[in-house]
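The values are calculated or read from the model by the stated rules, or taken from the named source; none is laboratory data. As the structure is a computational prediction, the values presented were derived from the model and not from experiment. Cβ sites come from the backbone with ideal geometry, for glycine too, and all protein chains shown count toward neighbours.
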Amino acid sequence: MSSQKSPPSEPAATNSRFSQNVHVLDVADKRVHLIGTAHISAKSAEEVQQVIEAVRPESVCVELCEARHQSLTKPEIWRETDIIQVIRKKQATALLAHLILASFQRRLGDQLGIKPGAEMIQAMQSADAVGAELVLADRNIQITLLRTWRNLGLLDKFKVMFQLLLTLTFSPKLEAEDVEKLKDRDMLTQVMEAFSSSFPKAKASLIDERDLYLAENIRTAPGRSVVAVVGAGHLDGILARLASGEPVDLAPLQVVPRASRVLLGLQWLIPLLVLGLIGYGFFWVDAEVSWQMVKIWVLANGILAAVGSALALAHPLTIATAFVAAPITSLNPMVAAGWVAGLCEAWLNKPKVRDFEALAGDVTSLRGFWKNRITRILLVVALANLGSSIGTFVGIPLMSSLLG
């Protein structure tokens, strides 16, 4: 049990040796120094170094998973990405979202001359310098993104995709003092509340679950002296969990939920509805009406999927493939037009070494996303799927109108 329980507004004491961003609490037989940071703050990196060198802990926990750790320490790891396997495993959308968010953070960091994740890199370097064990305390980023995506409703998914695309074209202009304000607890509370009201299910997997995951790995970190480096937005949740002293079962938090039964039912209902309309038109109205329905279905799905691929600047053969595949894949929930188009684009314009080398820089601009072959393939998948989905919702009403 924790030897310190504090009220929610002040869940842990700050140490007079350090700033108000450093919270000190006793958890069972451990003394934990919990540092709240801004991921693009030079001062955060300096504070991390100061605390670790002063405390000389036995372990240092960082808000990283293995994949994010490798992306910071081994930038060349992208060269090992098999884009075809990413598409086949249905991870293209999650990877694209991750790259867009990384792009947004990198652009903010570029404004301030700070490399995103500088405080995490500093934590790793300082841990090595004092002989502390490094603990990667965060959940795998792919699991987090997939859990978030699966828990969103259809409308929320479109809203999230729209907001992600907006981040490619807009980035707020921040000064260094603005970044430091991000660590103000009152401001963060307001931001979290706003995010929670818009996407409560996304907040659960992106923030709340990770608070639990991080807190448990901090609680069980080796040694009796621990320094933990986390984003300031996770402070309240982690402090509350550590103060309770209760263990967290991490296994359920690592499971990617299946798609909802409603969504699965809708995926099968749409093909049945389309085939039912065509069959009804053929047997009970007129064979010509049935053929008109088939044309509408093919054109609505094919044209919009092809337009999506064209917007991603896909190869002409990929655009043609999207046109042909969309009307067919829209009747099969197990396959998506974007996957077929993405695989075709990957085969026609296979990413080269220079694409992987330039990826970090290319994702910082809208033009770079379209120029780099890796991100272009991901855009083909996403936009072809989006076009096909719109085609489905446009085509069915048009088909139905022929029966009036």
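The residue of region 1-43 that is modelled with the highest pLDDT, among those that are over 24 Å from PRO222 (Cβ atoms) and outside any loop (DSSP other than H, G, I, E, B), is LYS43.
So is GLY404 assigned to a loop (DSSP other than H, G, I, E, B), modelled with pLDDT under 85 and more than 17 Å from LEU275 (Cα to Cα) or not? The answer is yes for GLY404.
All conditions in (1) under 23 Å from the mean Cα position of the chain (by Cα); (2) surrounded by fewer than 23 Cβ atoms within 10 Å (Cβ to Cβ); (3) in contact (Cβ under 8 Å) with a residue 40 or more places away in the chain hold for LEU378, with the sole exception of (2). Restricting region 203-227 to residues that are under 18 Å from ILE141 (Cα atoms), crowded, with 20+ Cβ neighbours inside 10 Å and small (Gly, Ala, Ser), the residue that is modelled with the highest pLDDT is ALA215.
Close contacts from region 313-334, counting a first residue that is closer than 16 Å to ILE87 by Cα and a second that is at pLDDT below 95 and not in a helix (DSSP H, G or I), with Cβ to Cβ under 7 Å and a gap of 6+ residues or different chains, come to THR329/VAL335; THR329/ALA336.
Of the listed requirements (1) modelled with pLDDT under 90; (2) among the basic types (Lys, Arg); (3) within 30 Å of CYS61 (Cβ to Cβ), ARG261 misses just one: (3).
Report yes if some residue within region 274-288 is modelled with pLDDT of 90 or more and surrounded by fewer than 22 Cβ atoms within 10 Å (Cβ to Cβ); otherwise report no. If you could, list the steps in order and put the result at the bottom.
Here is the first cut: in region 274-288, the ones modelled with pLDDT of 90 or more are none.
No, region 274-288 contains no residue that is modelled with pLDDT of 90 or more and surrounded by fewer than 22 Cβ atoms within 10 Å (Cβ to Cβ).
Take the conditions (1) closer than 23 Å to VAL160 by Cα; (2) part of a helix (DSSP H, G or I); (3) out of contact with any Lys or Arg (no Cβ under 9 Å at 6 or more places or on another chain); CYS344 misses just one of them, which is (1).
The set of residues in region 311-321 being assigned to a helix (DSSP H, G or I) and buried (at least 18 other Cβ atoms within 10 Å of the Cβ) consists of THR318, ILE319, THR321. What are the residues in region 124-143 that are of a type in the set (S, T, N, Q) and closer than 17 Å to ARG68 by Cα, if any? Scanning region 124-143 gives GLN125, ASN140, GLN142.
In region 331-345 there is no residue that is surrounded by fewer than 16 Cβ atoms within 10 Å (Cβ to Cβ) and charged (D, E, K, R).
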